[in-house]
Amino acid sequence: MNIRSKLPHVGTTIFTVMTNRARELGAINLAQGFPDYDAPARLKELLAHYVAAGYNQYAPMIGVPELREQIALKLGASYGRVPNADSEITVTLGATEAIFSAVVSLVHPGEEVILFDPSYDSYAPAVISAGGRPIHIPLDPPKFQIDWDRVRAAITPRTRLVMINTPHNPVTTVIPRKELDILAEILRPTDALVISDEVYEHMIYDGARHASIVEHPELYERGVAVFSFGKTMHATGWRVGYAVAPPDITREIRRVHQFNTFCIAHPLQLAIADFLKEVPEHNAELGAFYQAKRDRFLELLRNSRFSWTPAAGSYFQLLDFSAITQQSDVDFADVVLRQAGVASIPVSPFYVTPPKLSVLRFCFAKNDATLEQAAERLCKL
């Protein structure tokens, strides 16, 4: 039988590849973005409570009302907008499902979606699965900033979506409010929509503040904002995210979501809802928590041959290895893994046409002992 692939150029993600290799070699895994410390104790207690209390059947398709109400209050406190919990908030199986359901529901065959490379690796496959055409605009090293003139030039009558990611994974940049204004101005004469991947919203450093499309009236009217509890609750394996959008867009997303995952684990949702109510300061403390980890990791590397610009957001750090070797990032990531026993992520796989890159991405969402051991090894390169 001849199976004709819809995604013939898509292989196993670089995250899975590097994590598997780290496991095989017994290396320290600073590649895939997950903490090596546990979720808050109170959150786990709440989960155990709801499992024992029998909340183990289907949850409502759009998410339990208790969690949607807490999300609305959280967004109001963070961004000054309290979305309608019934018509604008949908709980999803992580942010990746939110993005996939949004893309598949909004993009028609032949329509174009603007992506900024290096783009997270789930974006283009979602577009192609919907029959759309990804339009890749590169972010040039070393600053990886959006060239808005390129965006203007890329807009056509077929442009359906622009997908942004802030804080950015893998390059750790953030989009400031003034640049959201530029995007709004570019899209004003069009019918194009925006998907904003904001899963690292609370991991912003050095006194900066996250600029969300939720607080931007013009972009929110045509936008979908995507968030993740897995990132903020140190529980990436729980796979709980949510999409926030105006009612007419939310209605379309739910048409796909209901047949994609239908609903998210009932006790997880109730536990998160109670935790948000009981520990409202948790999210506000994440920036300082992760900045301390970033700063500790970089201090430990001060005697290495790497150079860097401190990450502006996310829980990743790019390290420039140009003083060590002129190898490609993929080749040097292999050297670091085999010789130093530390797994990282090369950035070039996130480009369609990668430039010359001399940076690797390392995750610093780790215990101090893990960061110390990894840094000691990296300093020997």
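Coordinate-derived values only; no laboratory data. The structure displayed is predicted, hence computed values, not measured ones. Glycine gets a Cβ as well: all are built from the backbone with ideal geometry, and neighbour counts include every protein chain shown.
The table for this structure:
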| item | result |
| --- | --- |
| Cβ-based charge dipole, the chain, positive-most Cα from THR159, TYR58, THR13 | THR13 |
| Among 27-37, 80-90, the order from most to least packed when residues are scored by Cβ within 10 Å on average | 27-37, 80-90 |
| Antiparallel DSSP beta bridges within the range 56-278, as percent of all bridges there, nearest 5 | 35 percent |
| Mean Cα-pair separation over length for the chain, i.e. relative contact order, pairs under 8 Å, 6 or more apart, % | 25 percent |
| Semi-axes of the equivalent ellipsoid for the chain, Cα gyration tensor, largest first, Å | 31, 27, 20 |
| Exposure proxy order (Cβ contacts within 10 Å, fewest to most) of CYS263, CYS363 | CYS263, CYS363 |
| Counting DSSP beta bridges with both ends in the chain, the antiparallel % (nearest 5) | 45 percent |
| Lys pairs, the range 56-278 - Cα-Cα below 23 angstrom, 8 or more residues apart or on other chains | 4 |
| 222 nm mean residue ellipticity, helices alone, for the chain (DSSP H n ≥ 4; -39,500 (n - 2.57); rounded to 500) | -12000 deg cm²/dmol |
| Among VAL151, VAL127, VAL224: highest mean-square fluctuation, GNM of the chain, C-alpha pairs under 10 Å | VAL151 |
| Quotient of C-alpha Rg and 2.2 N^0.38 Å, computed over the range 161-316 | 1.16 |
